[in-house]
1. Which angle from 0 to 90°, rounded to the nearest 10, does the C-alpha axis of helix 32-52 make with the longest principal axis of the chain?
2. Roughly what angle does helix 101-113 make with the longest principal axis of the chain, taking Cα atoms, 0 to 90 degrees, to the nearest 10?
3. Which of 118, 94, 110 moves most in a GNM of the chain, Cα contacts under 10 Å?
4. Of the candidates 83, 32, 64, which one comes out as most mobile in a Gaussian network treatment of the chain with C-alpha springs shorter than 10 Å?
5. Given a 10 angstrom Cα cut-off, can you work out which residue in 109, 43, 95 is the most mobile in a GNM of the chain?
6. May I ask you to derive the relative contact order of the chain, considering only C-alpha pairs under 8 Å and at least 6 residues apart, and to give it as an integer percent?
7. Taking the chain as the reference, fit the longest principal axis to its C-alpha atoms, fit the long axis of helix 118-132 to the helix C-alpha atoms, and give the angle between the two in degrees, 0 to 90, nearest 10.
8. How far is the Cα center of segment 34-63 from the Cα center of segment 109-123, in Å?
């Protein structure tokens, strides 16, 4: 998963990190690279806690949807932290579904637009809509 993170600095030598998709998830680092690496570890740790508590791991927010971000130039910036959470989700299961051809075409178009295959998109959509209700 590719989560947006917000890096904050007052002196360009220490960087604090907040993770909008994981409330209460914070990190820091001495450089931007170090802060991003530490944010990856913090996100993974947070996700492990959610899984052990039988809670859903949030999907990454699109950067354009971060309407609450009001960083001042030079003191805050948005970056991405790529986090491999696959091992936390358990093994994949093969299933058989029946779906109308027109709906399948729409699913394939939307999956392609997001750089996903059909299975990834269906898993994404199922989780996304569950979180929005």
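Nothing in this text is a laboratory measurement; each read-out follows from the coordinates by a stated rule. Keep in mind that this is a model prediction, so the values were computed, not measured.
1. It works out to around 50 degrees.
2. In the chain, helix 101-113 runs at an angle near 20 degrees to the longest axis.
3. 94
4. Highest fluctuation among the options: 64.
5. Evaluated over the chain, the most mobile residue of the options is 95.
6. Values: 162 pairs, mean separation 34.9, N = 133.
RCO, the chain: 26 percent.
7. The two axes meet at around 70 degrees.
8. 22 Å
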